[in-house]
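Working notes, beginning with the structure itself.
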2 protein chains.
Amino acid sequence: MSHHVLIIGAVALGPKAASRFKRLDPDSTVTMIDKDTRISYGGCGIPYYVSGDVSDSSELTATSYHMTRDTAFFRDVKGVEVKTGVEALAIDRAAKTVHVKDLATGREEDLSYDKLVIATGAWPRRLPVPGNELPGVHLVANLDNAESIRAAVTAGGVERAVVIGAGFIGLEMAEALADMWDVETTVIEAAPRILPRNVSPALSDMALAHIREKGVTVHLAETVQAIEGDGKVERIVTNKRVIETDLVVMAVGVVPNSDLAARAGLAVSPRGGILVDEGLRTSDPDIFAGGDCVEITNLITGKPFFLPMGSMANRQGRVIGTNLAGGRDVFKGAVGSYAVKLFEKAVSGAGLTLEDALREGLDATSALVVQLDRAHFYPGKELMTLELVVERGSRRVLGIQGLCAAGDALVGRIGAVAAMMPFSPTVDDVSNLEYPYSPPFASAMDVINTVGNAADNILAGRNLGIPPESFAPLWEEGTCYFLDCREASDAAPLLERFPGKWHNIPQGHLARHLDEVPRDQPVVLVCNTGARSYESFITLAHDGRSNVQNILGGMAALRALGIDPK
Amino acid sequence: MSHHVLIIGAVALGPKAASRFKRLDPDSTVTMIDKDTRISYGGCGIPYYVSGDVSDSSELTATSYHMTRDTAFFRDVKGVEVKTGVEALAIDRAAKTVHVKDLATGREEDLSYDKLVIATGAWPRRLPVPGNELPGVHLVANLDNAESIRAAVTAGGVERAVVIGAGFIGLEMAEALADMWDVETTVIEAAPRILPRNVSPALSDMALAHIREKGVTVHLAETVQAIEGDGKVERIVTNKRVIETDLVVMAVGVVPNSDLAARAGLAVSPRGGILVDEGLRTSDPDIFAGGDCVEITNLITGKPFFLPMGSMANRQGRVIGTNLAGGRDVFKGAVGSYAVKLFEKAVSGAGLTLEDALREGLDATSALVVQLDRAHFYPGKELMTLELVVERGSRRVLGIQGLCAAGDALVGRIGAVAAMMPFSPTVDDVSNLEYPYSPPFASAMDVINTVGNAADNILAGRNLGIPPESFAPLWEEGTCYFLDCREASDAAPLLERFPGKWHNIPQGHLARHLDEVPRDQPVVLVCNTGARSYESFITLAHDGRSNVQNILGGMAALRALGIDPK
């Protein structure tokens, strides 16, 4: 039975659902409307357009075979009618019509539907402070914003920029401005660390050290109170300082565009996401919704969450397209995987951070390891830091996060764990994860298996590991006995700088020099990456010591954190 | 209860089992013997030592923190006694002793054990042809072989080399010789294609085209009949030709070293692998075995198979170490993931090829896609080819293989599917696999999801895709109507070269030009990657055509295969 499908929103989910549906049901008709005039663009590419990596904004609206995804493309190639510059004002569910307005002509009309798809996306939050709409204050919402920012920068009048928000988009924009245009860039984040919801303090601090090294100024735990300027932005006032600036990028999260749905009486969560079932139907079975305007199930917690990502919109769009055609496809939810490139490093993760897991009331802990990303003898190897979050008792894997200069290699490991997560894997599944091995790409005992093994040892009580950021306070406090487990030559510089405070017994010698380690003082073990200090931990535990702590990730983690004993 | 563990073999599994056991049970004692004098080396690194990527063979026996893993290291750092140059001659299971011989002194003795570990590995097959032991004929078995080959090459007397066998090691050695030392290198393979057991004909031919482009001569379906020379190798005689050569590398597979186990009455498979249970115990509960000398369970077929890889040895070594200490760790088997670097491309896979699956009697098919490995607008993108092997009916994923110039990116996708495979994933799990998305690392609809979607369409009968290597015979036969679905400008060169034989209707125009496509002739559709020809397929199917075939992977696959309509 052919019918007419109306789709509100033509950026990511809408076009995917429309195309899939038309392939399955060519006799049906589809009308897709969008209030913008440009449609079907890769919004995630905006930072790379601003940086200049993507030379022209038209590339973001092109297919991989260089056709522009415009109204004509959808009409001719996909058989989908698109009306741009048309805003949906209200849904009449009883009449099965949507009242719309042509923004150019002001003309209003009712469009009918048999099935409706709401793909209204999300809109960036605008910080409620004075001056938040001054010229020069930019959101990162659509191609118009992207072009305004790039035009401002290329015009040459931007020497200083402030990015508000240190989430993915904020940091990507900071990189674009600082790295490619040499703009003196400052990031302001209200949380006490960058990527606050995505990684642990240790990984966040490592990423922060790298960004600062690249010349970006970052102010944490600082809130913007006003944006000031005479006709255009000139400065930002925070609770701690005033920052002169020529341009502001506001990237403080997005809010689902669910007003239209809510006004039509569809179920919407308290946080504003449209509620859908596994078939992506709203509370009205003739209305589907997906993408940035809905909440989906978090497959780790079983609770609804908000995951505004282009990858989600695409996959959900296919499910909706199938179900519009009478299919029974399901979207069960997501584990929340992500990746972000920060200058020469990548950060990636999936599932819960340790902080998230504890907040959920789970009895969680985490293992952090630093190991080379491929065979240690292979040229071009990089250190990879991985943190695996696990539940005690059940041994279930709750999340994984990591940082590495080899982005593809990191994303591969995170992707492998993300792929398993819907199946409720345990620590043992990570220990035995069969990452394809060959020296140019992995280690025989790969870093992903090592982090599983490390978690296994922690759960078994065989390794009292403490995160690397614990080092600094312990060092300043000065009551612990700091024992370097590396070879004498590696330890020599620190021994020389800190006589009496830094100690060295190479791990291989420890069993024969146990008496040199005080029994009445807490011991902190450090090696290069945490592997040998773990072995020293075992030797001391076997000797009956219970007051020993092992710095996970060792000197590699300390250095990445920017911590240097001094 | 402390006890004494004896380990036969000190390359990969032995050292891992020993170290793990000693960490768990420091009061016990471990003796590890090896008939070689060099131990604990990364044998998988041999091709990279021969190439010079690894400058000194000592790097292959070093830890990642630059300590040499020799007898002193195991004694001091791991608490393990190692006897090198000592061969195990016989196991007396009743007396719990192993009769050994010191190869330097000739002295024999009995070593007792409470628990024994057999880690005797595998040995390369030596082809049973005349001259197979002539000087200049090398196996790739240990560091001595590696040093002999590199010494021969660096001495300058090697202008031509022949590698027998086009499996992983053979091709890695061919690359080492040809790429780094400019040796005129010929590979001879008895099977009709390279990597015959690892990839489909399409992927094999793509890899072959690349290797040949890099200057390696490859002879397929050709068998070596003799190796000849006066005091040293001078030529190889095959069933088709005589090849002059200065050096021969024989890489025709390995055979498990299970004689010792068999003679002791332990259960050994007809193919020579020692049989072990999930705890890696042999048929004698006091004797463990693992690594290249055992058979393990193939998690896809449920049958035993042989997977001689350093990664397996390391993971099995940990399991044995745990179980020696009274633990209950299990090694359930493997899906058989692998990766291999071939000049500027990587090939990787996991699970069964389509050929394997059909041979197993499974009702299998496969989907092949070619798509960019990251956002199409992001610089540095590469085309990735993936083939997903699936079972009809159950929709179960049986295997995945791929090829890409971005090796880490390819290995990441294969690793993600390999990670899921023990959980018996379906096509839908691949369609929804949550590979971490960000434009620098993945696509919003990532290539891994696309290959899942393609398999879904094939299983639903929505895409009659045929593998790209089917093109050449159809083209030569000349009875099909070849329809190029790309835009006119893309199709123009072929239209001009083949008037009347090559046709073009851009996919977006097809619905309005159906009458131009003959109804009485089989139609073959081609586009750039297989995406638009799939859409054209649907348009034609909707028009009632049943004699249409779609070339999977499109022109990208044809070009990679070296097929060019001419």
Filtering strands (runs of 3 or more DSSP E) wholly in segment A:222-294 for at least 3 residues that are closer than 19 Å to A:Asn323 by Cβ gives A:287-289
Criterion violated by A:Leu403 - all others in (1) within 12 Å of another protein chain (Cβ to nearest Cβ); (2) more than 19 Å from A:Val427 (Cβ to Cβ) satisfied = (1)
Counting only residues that are closer than 18 Å to A:Ser546 by Cα and out of contact with any strand residue (DSSP E or B) (no Cβ under 9 Å at 6 or more places or on another chain), segment A:452-481 contains a total of 4
Taking segment B:175-191 on its own, how many of its residues are part of a loop (DSSP other than H, G, I, E, B) and over 24 Å from B:Gln225 (Cα atoms)?
-> 1
From the options A:Ala207, A:Ala221, residue that is in the same structural domain as A:Met173 (by TED's automatic domain parsing), buried (at least 23 other Cβ atoms within 10 Å of the Cβ) and under 28 Å from A:Phe343 (Cα atoms) | A:Ala207
Please work out which residue is farthest from A:Arg486 (Cα to Cα), limiting yourself to segment B:59-86 and to residues that are within 29 Å of the chain's Cα centre (by Cα) and in contact (Cβ under 8 Å) with a residue 12 or more places away in the chain.
-> B:Leu60
Of the residues B:Ala12, B:Ala17, which is within 26 Å of the chain's Cα centre (by Cα), more than 10 Å from chain A (Cβ to nearest Cβ) and either under 23 Å from A:Asn463 (Cβ atoms) or among the aliphatic types (A, V, I, L, M) (or both)?
-> B:Ala17
Go over the candidates A:Ala95, A:Ala104 one by one and state the one that is of a type in the set (A, V, I, L, M), under 24 Å from A:Asp284 (Cα atoms) and not in a strand (DSSP E or B).
-> A:Ala95
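Residue-wise test of (1) in a loop (DSSP other than H, G, I, E, B); (2) more than 16 Å from A:Ser533 (Cβ to Cβ).
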residue	(1), (2)
A:Pro473	no, yes
A:Phe482	no, no
A:Arg486	yes, no
A:Ala491	no, no
A:His503	no, no
A:Arg512	yes, yes
Of the residues in segment A:53-100 that are in contact with a Lys or Arg (Cβ under 8 Å, 6 or more places away or on another chain), within 17 Å of A:Asn142 (Cβ to Cβ) and surrounded by fewer than 17 Cβ atoms within 10 Å (Cβ to Cβ), the one that is nearest to the other protein chains (Cβ to nearest Cβ) is A:Gly85
Close pairs (7 angstrom Cβ cut-off, 6 or more residues apart or separate chains): at the interface with chain A (Cβ under 7 Å from one of its Cβ atoms) and closer than 13 Å to B:Glu387 by Cα in segment B:412-433, crowded, with 24+ Cβ neighbours inside 10 Å and of a type in the set (S, T, N, Q) anywhere = B:Ile414/B:Ser337; B:Ile414/B:Ser348
Tell me, which residue of segment B:396-411 that is within 16 Å of the chain's Cα centre (by Cα) and closer than 16 Å to B:Thr450 by Cα is surrounded by the fewest Cβ atoms within 10 Å (Cβ to Cβ)?
-> B:Cys404
Considering each residue of segment A:339-360, count those that are surrounded by 24 or more Cβ atoms within 10 Å (Cβ to Cβ) and within 8 Å of chain B (Cβ to nearest Cβ), and give that number.
-> 6
Quick one: would you say B:Gly273 is touching a Pro at 6+ places or on another chain (Cβ under 7 Å), small (Gly, Ala, Ser), in contact (Cβ under 8 Å) with a residue 12 or more places away in the chain and buried (at least 24 other Cβ atoms within 10 Å of the Cβ)?
-> yes
Matching entry among A:Leu177, A:Leu116, A:Leu171 (being under 20 Å from the mean Cα position of the chain (by Cα), more than 14 Å from chain B (Cβ to nearest Cβ) and either free of Cβ contacts under 8 Å to residues at least 40 places away in the same chain or surrounded by 22 or more Cβ atoms within 10 Å (Cβ to Cβ) (or both)) = A:Leu177
Among the residues of segment B:199-233, count how many are over 30 Å from B:Gly465 (Cα atoms), in contact with a Ser or Thr (Cβ under 8 Å, 6 or more places away or on another chain) and in contact (Cβ under 8 Å) with a residue 60 or more places away in the chain.
-> 3
Residue by residue through segment A:285-294, note down the ones that are surrounded by fewer than 18 Cβ atoms within 10 Å (Cβ to Cβ) and charged (D, E, K, R).
-> A:Asp286
How many residues does segment B:526-547 contain that are more than 12 Å from chain A (Cβ to nearest Cβ) and either assigned to a strand (DSSP E or B) or charged (D, E, K, R) (or both)?
-> 2
Of everything in segment A:361-379 that's at the interface with chain B (Cβ under 10 Å from one of its Cβ atoms) and not hydroxyl-bearing (Ser, Thr, Tyr), which residue is surrounded by the most Cβ atoms within 10 Å (Cβ to Cβ)?
-> A:Asp373
Please specify each residue of segment A:450-490 satisfying the condition of being surrounded by fewer than 18 Cβ atoms within 10 Å (Cβ to Cβ), more than 13 Å from chain B (Cβ to nearest Cβ) and among the charged types (D, E, K, R).
-> A:Glu476, A:Glu477
Filtering segment A:491-525 down to residues that are buried (at least 21 other Cβ atoms within 10 Å of the Cβ), within 40 Å of the chain's Cα centre (by Cα) and either within 13 Å of another protein chain (Cβ to nearest Cβ) or over 29 Å from A:Val447 (Cα atoms) (or both) yields A:Ala491, A:Pro506, A:Gln507
Tell me which residues, restricted to segment A:380-395, are more than 16 Å from A:Ala556 (Cβ to Cβ), surrounded by fewer than 20 Cβ atoms within 10 Å (Cβ to Cβ) and within 14 Å of chain B (Cβ to nearest Cβ).
-> A:Gly380, A:Arg395
Could we say that B:Leu127 is within 28 Å of B:Leu13 (Cα to Cα), touching a residue at least 60 places away in the same chain (Cβ under 8 Å) and assigned to a loop (DSSP other than H, G, I, E, B) here?
-> yes
Pick out, from segment B:324-440, the strands (runs of 3 or more DSSP E) lying fully within it that include 2 or more residues that are polar (S, T, N, Q).
-> B:364-372
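The values are calculated or read from the model by the stated rules, or taken from the named source; none is laboratory data. Since the model is a prediction, treat every value here as computed from it, not as a measurement. Here Cβ is always computed from backbone atoms with ideal geometry, including for glycine, and neighbour counts include all displayed protein chains.
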